[in-house]
Every structure is written in structure tokens, then in C-alpha cells.
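Contents: one structure, followed by commentary.
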Amino acid sequence: MTREGMAVPHTVLCEKLISDGNLFEAAKKVQANGGAPGIDGMKASEAVKYIQANKEKIAGEIIARKYKPSPVKRVEIPKDNGKVRLLGIPTVRDRIVQQALVQVLTPVFEPTFSEHSYGYRPKRSAEDAVRLAQAYMAEGHEWVVDLDMSKFFDTVDHDILMGFVDRELEDKDPRRLIYVFLKAGVLVNGQKEKTPLGVPQGGPLSPLLANIYLTPFDKEMEKRGRKFVRYADDIILFTKSEWAARRVLINTTRYLEKKLKLKVNGEKSSARPAKGSDFLGFTFQTTRGEEGARGRCVPKDGKKEKLKAELKELTKRNRGVSLERVIREVNQTMKGWLAYYARASLTRWLSRELLPWLRRRIRQYMWKLWKTAKNRKRQMRKAGVEEWRIQRFKSWSNRNWWAMAKAIHCLINNKLLVTYYKLDDFEARYGYWHQRRKAKDDELDENEYLVRQYEEEQEMRLLADVGDSLCW
């Protein structure tokens, strides 16, 4: 439905793009996602308020093909290897339009994407990608080709990308918006720089464009019968022999560099045994379990240490914030980490190493926060610690915080930390999530078996029918 006094949108897709419902939904998502401000300094929390006041102006500029995005703000994010990842932070206004564009373009491009692609797609996740990788290993594909593309998002060729867009998108207005966002430029030290290549990471549009750009690679691998999994620019292929893996590495590198003009990092890309290989933050310790089931995986080297460093920062005894806040932040951090790594084997590490250390850190924070013996006794009584235990405990020293954190375990036990202080029961939570993932694996294996059995029966019937017709 067109707005009064405004030019009519040129296409149905453009009409959907500038509709009030689409723009408001986009603004809500931008606001919910948060993030740093762009070059105009506007916060994401102002997105809905901004679109309420400016939706007519934005829609008019899109229809008139005069919408001009602002340059993105360049920021550097440290990586685990000591290097930095370059992000481009668009303004809130541009983020809203990009998100609105994604919402109308996803139904157009989603059917064209490969079944082996899992990154930034509806109802697909990194969990699904790792599950499929383990399924390939369990089938006997014990060699992998790990492809690492050097600065993928910074080297996407605009002409090639727009050619892929044109294959599926006839509407000129959305196409024009994609192009002007690619050419918006970047602001570095107050100076605008052109962007002849690349899709700036940081905006809602970049994941969709990355999938569009790499879909021809997916289709080529499918045509060649390759077993592979792709999550955005993370690609891993599977073979049954070392010779095949080395040949696949050469061929895929040639395709990516010549056809898509991408740069494959020769130092990080390799053909290697599947056992011990890494993918999406997991290391595969075994390729097969009992009776051909999926093997065992653990978090990649450094992931546990990174979590521990973050928890250590949250529980620093000189933070000067409330105990409730510390525990709330610890819960949020641990839940997020466990939700991602729940399919890994973590029981022993959690129960014997991480959680005893974490609880002791929290008790240390308590001891420091409560300061005096009188207040410490009062806090313990409030928590329900029996009086005889308090009276029996003799040392209320301030001298060694870490030693006292171990000593007061008899007063503030693990159960009390959960029931009174609201520290999450991480062992129980991990156990529940881990079992759910195993159950889903079994369910998918059963479904795949039934489908394969049905296809074989249909093939046998077809062969029988052909044989009968020949005899007849």
C-alpha cells in the first residue's frame, strides 16, 4: 500500500522493502542487536524512535533511487592469534535499511543456497555444521581439507558479486541498494577511503552477500560429488585418503583463486587427518564412536583458557560491584559458552577443574566484599548457615583471601551457592544440553537410515518393474 503523496514503488519487492511493517521489524532487530555507534554517533537503542520519525523520508529516497549510505566506521577487533579483524560499523540508519533489505531478499536467495551451507541462515547453526562434519567422519572420511581464506570479507570482488546477484534478482531498486552499500566507503582517522573490494563485516547485509558469493563454490563441489561443510567462509572438505585430500586441496584452491578471485592462505590451509582437526572452535579427538556413531570432540585449544580468563576478570575481588551482579554476569558467560560447546565432552574438566576454581573465586569475592568478621557472620546467617557451624569456625582472617575462600567451603557449600546466591548449576545444565544433542544425533541418524532404506526399496521396485517389462 503506497503512502499518500509518494511516488509508487517500481516493483513488488521494493514495495515490501519500504513497507511500514518491514522497516519497523528491521528497526526492532537493529535495536535488539545493539552494537557500537557508526560515524554519526547514534546508538542502536534509538533505532525504533528514529524510524518512527524518518520512515517517509527513507522510503522516498529508496523509491527515487537517491538513497546514499554513509561511510562505515572502521574498528579493529583483536583475534586469538594476536592479529586484528577489521570491522565496518554502519550508522543506525544504514543498519535499518540493510536489515530491511535482508528481510525481503532472504526468501529470494535462500532456495538457491546449498544444503551444505550453514552460516547465517534460518533454522541452521554452527551446531548443525559440526554435527554433519562428525557424520562424514563416522562414515569413514578420515582425511579433511581445511581451507582458510585470507581476509575473505575484505577481498570479495564487487563485479563478480553483482553478477551473482543479477542471476536471481531482477528488481533494480534492491540491486542498486546493494551496490551503493558496497561502494559506501570507510572512514579511517577522519578520512574517507574508497572500497573497490570487500563486504564490510559489521552490517546486517554482509552475511547474506557472503553466502551469495560462495554459493557457486558450493554448487561446484556438489557437482563433483564432494563431501563438505561450509559455515560462512569456514570450509572443510572430507575424503577417504591422503592422496584424495591433497588433490582436492589443489583443485579447490585453484577454483577459489581463479574463479572467485579470493586468496587462500597456503600456510593455514592443509590436507590432514580428520582426527585432531579443528572446525568452528571444536577439535575432533576421534572420528567414530561405538557402532559407527559420531566421534568425540572438545573445545579447540585456547577456548577453555579464554573462558577462564574472562571469568577471572568477572570475579576480580577489587571490582567493587555487588555480589548479585558478579554472579549474574558469570551465569550469562557460562550459559553462552556451554550452549555452544555442549556437544563436546566436558564432564571431567567441568567437575574437577573449572567449577571448583570458579566457586572458590566467588567465595573469595564474598570474603573480600563482606570485609569484617561481624558482617561475614551476619551474611552467613542470612543465607541460612547453621549457627553451630558459624560458632565452630574460628578463623575470620583478612590476610589470605584465596586460602580463606577454600576454608569457608564448609560454611558456604556448593548447594548454598546455587539455592541462595543463584549461581547456576552448570554441571546439571551441561548434562541436560549434552544429552539433548546426543538424542538429536540419534534421531537424525534414524531418519537418515529410514530415508536411505526407502530410496533403496524404491530403486529395487523400479528395477523389478523394468525387468518385468523386458520379460513381457
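For ARG319, indicate whether it is assigned to a loop (DSSP other than H, G, I, E, B), closer than 30 Å to MET404 by Cα, free of Cβ contacts under 8 Å to residues at least 60 places away in the same chain and of a type outside the set (Ser, Thr, Tyr).
Numbers: assigned to a loop (DSSP other than H, G, I, E, B): yes; closer than 30 Å to MET404 by Cα: yes; free of Cβ contacts under 8 Å to residues at least 60 places away in the same chain: yes; of a type outside the set (Ser, Thr, Tyr): yes.
Yes, satisfied.
Quick one: in segment 102-128, of everything that is over 13 Å from the mean Cα position of the chain (by Cα) and among the aromatic types (Phe, Trp, Tyr), which residue is farthest from VAL30 (Cα to Cα)?
PHE113
Which one of the conditions (1) part of a helix (DSSP H, G or I); (2) open to solvent by less than 30 Å² (accessible area, probe 1.4 Å) does GLY140 fail to meet, given that it meets all the rest?
Going through (1) part of a helix (DSSP H, G or I); (2) open to solvent by less than 30 Å² (accessible area, probe 1.4 Å) one by one, GLY140 breaks only (1).
Condition first: open to solvent by 50 Å² or more (accessible area, probe 1.4 Å), closer than 15 Å to MET366 by Cα and part of a helix (DSSP H, G or I). Now tell me which residues in segment 377-400 satisfy that.
LYS377, ARG378, ARG381, LYS382
If you check ARG363 against the conditions, is it open to solvent by less than 30 Å² (accessible area, probe 1.4 Å), more than 22 Å from LYS303 (Cα to Cα) and of a type in the set (D, E, K, R)?
Yes: the conditions hold for ARG363.
Restricting the search to segment 143-200, which residues are of a type in the set (Ser, Thr, Tyr) and in a loop (DSSP other than H, G, I, E, B)?
Across segment 143-200, the qualifying residues are SER150, THR195.
Of the residues PHE109, PHE153, only one is touching a Gly at 6+ places or on another chain (Cβ under 8 Å), open to solvent by less than 50 Å² (accessible area, probe 1.4 Å) and in contact (Cβ under 8 Å) with a residue 60 or more places away in the chain; which? Write out each step before concluding.
On the way: PHE109 fails: touching a Gly at 6+ places or on another chain (Cβ under 8 Å).
The match here is PHE153.
Just give me the residues in segment 198-230 being of a type in the set (Ser, Thr, Tyr) and modelled with pLDDT of 95 or more, in sequence order.
Correct list: TYR213, THR215.
Might you check whether a residue that is among the aliphatic types (A, V, I, L, M), more than 30 Å from ARG296 (Cα to Cα), in a loop (DSSP other than H, G, I, E, B) and modelled with pLDDT of 90 or more occurs anywhere in segment 108-127?
no
Can you tell me which condition LEU354 does not meet? The list is (1) open to solvent by 70 Å² or more (accessible area, probe 1.4 Å); (2) within 37 Å of the chain's Cα centre (by Cα); (3) of a type outside the set (Gly, Ala, Ser), and all the others hold.
With respect to (1) open to solvent by 70 Å² or more (accessible area, probe 1.4 Å); (2) within 37 Å of the chain's Cα centre (by Cα); (3) of a type outside the set (Gly, Ala, Ser), LEU354 is out only on (1).
Can you find a residue that is buried (at least 16 other Cβ atoms within 10 Å of the Cβ) and assigned to a loop (DSSP other than H, G, I, E, B) anywhere in segment 329-340?
no
To keep it simple, each residue is scored yes or no on (1) at pLDDT 95 or above; (2) open to solvent by 70 Å² or more (accessible area, probe 1.4 Å); (3) touching a strand residue (DSSP E or B) at 6+ places or on another chain (Cβ under 8 Å); (4) more than 14 Å from PHE426 (Cβ to Cβ).
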site	(1), (2), (3), (4)
GLY276	no, no, yes, yes
GLY289	no, no, no, yes
CYS297	no, no, yes, yes
LEU311	yes, no, no, no
ILE327	yes, no, no, no
ARG359	yes, no, no, no
TRP367	no, no, no, yes
ASN375	no, no, no, yes
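The values are calculated or read from the model by the stated rules, or taken from the named source; none is laboratory data. These figures come from a predicted structure and were not determined experimentally. When we count neighbours, we look across all protein chains shown, and the Cβ atoms used for this are built from the backbone with ideal geometry, even at glycine. Each accessible area value is taken on the protein alone, full model and side chains, heavy atoms only, with ligands, DNA and RNA left out. Shrake-Rupley method; radii C 1.70, N 1.55, O 1.52, S 1.80 Å.
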